[in-house]
Amino acid sequence: MPMDYMSDLNDAQKMAVTTLDGPLLVLSGAGTGKTRVLTSRVAHILYTGAAYPWQILALTFTNKAANEMRFRVAQYGEIAHLCGDLWMGTFHSMCLRILRANYMAAGLRRDFIIYGDDDQRALLKRVINNLGLDVKEYSPSDWVERISNIKDKGITDFEKLELSPIAHKILNAYNNELSNMGAVDFGDIILFVLKLFEQNPEILSKYQNQFKYILVDEFQDTNAAQMNLLKMLTRNRENPNICCVGDDDQSIYSWRGAEIRNILEFEKTYPGTKIIRLEINYRSTPNILGAANSLIKNNMGRLGKDLRASNTESNGEPVYVMTLPSDWDEARFVSDTIIRNAHDNYSLFALLIRAGSLSRTFEEEFTSRGIPYRLVGATKFYDRAEIRDAIAYTRLLVYPFDDISFERIISKPRRGFGDGAIAKLRATGKSLIDALKITKLTSKQQIAADEFLSAFDFDWQSMAPKDAVQQLLEQSGYLRMWRESKDVDANERLEHIRELINSVVAKYDTIPEFLEHAALMMTDDNDNELDDKNLVSIMTIHAAKGLEFDTVFLPAWEEGIFPNENKSDADIEEERRLAYVAITRARTRAIITNAMVRTVFGQRVYQLPSRFINEIDKRYVCVNGNRMQDKNPTTQIKPKFKSESVVGKMVMHNEMGSGVVIAENDKTLTVAFKTRGIKNVARDFVKFI
């Protein structure tokens, strides 16, 4: 039936689909069916004959989103054959299509190529060297990111940029090299279209007349260059038919150029804009949505909306907030809850973390408890290159015959041992480290070899494993290599290594015990035996945007972690939007946890709960097993999720007052009392509050 695309739409969705004249901003909250609205709107335009398919420009941020939209439109019966003529895709793919059709006017070769990050780094290394600059001081990796940020601003005349003379030299030399090789980088794709339109008004006019309807998905994520493109395509149009769908409360990508003002100032950019709010959520329970709404209302920079659940028969479970004694207790609590509730269906659970470095305790606990998991959009702790390097150094210390480890680390840092030198060592028939001691080398190689060998020449067996590994990595120059590196992620790599030494190696009595543990952590055998879909997902909150899970764990909601330290007011608002995104990923259950003590680089750090916890309306939460109402405790309720442990719950003692349970056994509890410190008390002498 031609009108199938209108079935089951609510009133606000129907209005968004059928409002075709003039600028339209659709504020689509989490789980309110924005993809359905966009695809139905395209179908409505085609079915009503308002435009031909090639007169519709639908812009997305991912190819997956574009493919999903195209697939859904094709399901609407008799218009399926028109989908091939739609201009539907990412900003970059649509701009690339324009450049291919107008390459001469854009000043490009017909067969111009596109350079990715690796190509850019290699090219920048050559450019920086040619300018007589030190690549250690002017890191190619840093410059890939810096140039991308510059081009995302949509400024086509680089001479107008306020840059240092050296920065201008690098940028100009890099762009000249790109041009000489007939290449563009990713940031150039939109920028070259902007230049094309500026310099060729007739080409701009052609596309302005062609695109009768423009639709934009995830509008809150647009950067300056993308917004400039939209403005050019709608320039001099009295009442442009541009429909942008987005959620100002989910704008969480400012660090990669997204500008929330694009959505906040949409009415200013397009006078006469009609705003339609999609507020019926088809994903989460009323309590989850109430918690999210009450949190995000603390932001000043928003257009405002209130999500409400489509199913109001039950409010659902409250949002659980649990305070645990330590980060390891937090990991054990999460593991216990998953084991008791999974019933072999692990895909229902997700762990959403603020930063990748928070995954380690959960990875180790999940592995030891046999909970299958995968990291989404991140690298497992033991799969990180710097962790594997550190382990390789340690293995070679304990097992000098380990040639695999030798080959991995001999050039980290660089020591002048290429393939030829390694072949020469192999020819001796001895282990590579033994061959290094007897093989005749060049004078430069000999100096490097002596320094390398001396790093392993100490009595590590008489030392604490933590101290031995620390000394090895210091003496070998590996830690110095990262300290002196100009790579963007060098500090993060050093943090990971410190985490390994101070929080992992330190737990073991001997280095061989640690190496056995590490070998088990690095194996992928268990994953290979499992259905890929039956896994607990661990991911950053950024990576979770657009996803949903039955139960969501939100750990480490602590000041200094979430929100991060030293943030401006604008940054805090973005962190709060990130918290809003995190809560609204949950369908039926959201569990927020925070630790009283967290181990950071081997040091016990006392933590305060995140301000975001206190900003959630207490009507929607259950804190440490107690349901809160109007900021006053009411009767204790038993969480619907199965968790037998009382660790983290509040208790009252007649003499010692109130406190939090931090450990338990059959008859006694260890309680951190507010005024009396940590005490062991009999279970029978406390009351849970």
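The values are calculated or read from the model by the stated rules, or taken from the named source; none is laboratory data. Remember, predicted model here, so these are calculated numbers, not experimental data. Because the Cβ atoms are built from the backbone with ideal geometry, glycine has one as well, and the counts that use them run over all protein chains shown. With ligands, DNA and RNA removed, areas are computed over all heavy atoms of the protein, side chains included. Shrake-Rupley method; radii C 1.70, N 1.55, O 1.52, S 1.80 Å.
Of everything in region 322-339, what is of a type in the set (D, E, K, R) and in contact with a Ser or Thr (Cβ under 7 Å, 6 or more places away or on another chain)? Give them in sequence order.
In the first step, residues of region 322-339 are kept if they are of a type in the set (D, E, K, R); the result is 327, 329-330, 332, 336.
Answer for region 322-339, where residues must be of a type in the set (D, E, K, R) and in contact with a Ser or Thr (Cβ under 7 Å, 6 or more places away or on another chain): 327, 330, 336.
Can you give me the number of residues within region 442-460 that are out of contact with any helix residue (DSSP H, G or I) (no Cβ under 8 Å at 6 or more places or on another chain) and open to solvent by 40 Å² or more (accessible area, probe 1.4 Å)?
Residues flagged as out of contact with any helix residue (DSSP H, G or I) (no Cβ under 8 Å at 6 or more places or on another chain) and open to solvent by 40 Å² or more (accessible area, probe 1.4 Å) within region 442-460 amount to 9.
Looking at region 227-248, which of the residues that are polar (S, T, N, Q) and over 15 Å from residue 260 (Cα atoms) is modelled with the lowest pLDDT?
Here is the first cut: in region 227-248, the residues polar (S, T, N, Q) are 228, 234, 236, 239, 241.
Of the ones still in play, those that are also over 15 Å from residue 260 (Cα atoms) are 234, 236, 239, 241.
Numbers: 234: 97, 236: 85, 239: 91, 241: 98.
For region 227-248, the residue satisfying everything is 236.
In region 470-499, which residues are under 31 Å from the mean Cα position of the chain (by Cα) and among the aliphatic types (A, V, I, L, M)? Full working, then the answer.
At the first step, the residues of region 470-499 found to be under 31 Å from the mean Cα position of the chain (by Cα) are 470, 473, 478-499.
Once the filter is applied, which keeps residues that are under 31 Å from the mean Cα position of the chain (by Cα) and among the aliphatic types (A, V, I, L, M), region 470-499 yields 473, 479, 481, 488, 490, 494, 497.
Any residue at all in region 191-205 that is in contact (Cβ under 8 Å) with a residue 60 or more places away in the chain and within 27 Å of residue 21 (Cα to Cα)?
First pass over region 191-205, keeping only residues in contact (Cβ under 8 Å) with a residue 60 or more places away in the chain: 192-193, 195-196, 199-200, 203.
Still in the running and within 27 Å of residue 21 (Cα to Cα): 193, 203.
Yes, some residue in region 191-205 is in contact (Cβ under 8 Å) with a residue 60 or more places away in the chain and within 27 Å of residue 21 (Cα to Cα).
Considering region 150-167 alone, what residues qualify as being within 26 Å of residue 199 (Cβ to Cβ) and loosely packed, with under 14 Cβ neighbours inside 10 Å?
157, 159, 160, 161, 162, listed by residue number.
Results for (1) within 30 Å of residue 139 (Cβ to Cβ); (2) open to solvent by 20 Å² or more (accessible area, probe 1.4 Å); (3) among the aliphatic types (A, V, I, L, M), shown as yes or no for each residue.
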{"residue": "40", "(1), (2), (3)": "no, no, no"}
{"residue": "54", "(1), (2), (3)": "no, yes, no"}
{"residue": "72", "(1), (2), (3)": "no, yes, no"}
{"residue": "77", "(1), (2), (3)": "no, yes, no"}
{"residue": "97", "(1), (2), (3)": "no, yes, no"}
{"residue": "107", "(1), (2), (3)": "yes, yes, no"}
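Are there any pairs with C-beta distances below 6 angstrom linking a residue in region 375-398 that is without any contact (Cβ under 8 Å) to a residue 60 or more places away in the chain and over 22 Å from residue 365 (Cβ atoms) to a residue that is open to solvent by 20 Å² or more (accessible area, probe 1.4 Å) and part of a helix (DSSP H, G or I), with the two at least 6 apart or on different chains, and if so which?
Going by the 6 Å Cβ cut-off, the qualifying pairs are 392/408.
Pull up region 14-73, narrow it to residues that are among the polar types (S, T, N, Q) and in contact with an Asp or Glu (Cβ under 7 Å, 6 or more places away or on another chain), then point me to the one that is farthest from residue 228 (Cα to Cα).
Result: 32.
If we scan region 649-663, do we find a residue that is at pLDDT below 70 and within 27 Å of residue 561 (Cβ to Cβ)?
Among the residues of region 649-663, not one is at pLDDT below 70 and within 27 Å of residue 561 (Cβ to Cβ), which makes the answer no.
If I ask for residues that are among the hydrophobic types (A, V, I, L, M, F, W, C), in contact with a helix residue (DSSP H, G or I) (Cβ under 8 Å, 6 or more places away or on another chain) and buried (at least 19 other Cβ atoms within 10 Å of the Cβ), which ones from region 327-370 would you list?
331, 334, 338, 348, 349, 350, 351, 352, 353, 362, 366
Failed condition for residue 439, given (1) over 37 Å from the mean Cα position of the chain (by Cα); (2) surrounded by fewer than 15 Cβ atoms within 10 Å (Cβ to Cβ), with all others met?
Status for residue 439: all satisfied but (2).
Restricting region 513-547 to residues that are over 30 Å from residue 583 (Cβ atoms) and open to solvent by less than 50 Å² (accessible area, probe 1.4 Å), which is modelled with the highest pLDDT? So that I can check it myself, show each step before the final result.
So the first thing to find is which residues in region 513-547 are over 30 Å from residue 583 (Cβ atoms), and the list is 513-526, 528-529.
Remaining after also requiring open to solvent by less than 50 Å² (accessible area, probe 1.4 Å): 514-515, 517-518, 521-522.
Working: 514: 87, 515: 84, 517: 73, 518: 79, 521: 69, 522: 63.
By that ranking, first place goes to 514.
Going through region 265-284 one residue at a time, which ones are touching an Asp or Glu at 6+ places or on another chain (Cβ under 7 Å) and farther than 21 Å from residue 238 by Cα?
279, 283 - these are the residues of region 265-284 that are touching an Asp or Glu at 6+ places or on another chain (Cβ under 7 Å) and farther than 21 Å from residue 238 by Cα.
For region 668-678, does any single residue satisfy the condition of being polar (S, T, N, Q), at pLDDT 80 or above and closer than 23 Å to residue 336 by Cβ?
yes
Would you point out the residue of region 379-399, among those that are over 13 Å from residue 518 (Cα atoms) and surrounded by fewer than 19 Cβ atoms within 10 Å (Cβ to Cβ), that is modelled with the lowest pLDDT?
By that ranking, first place goes to 379.
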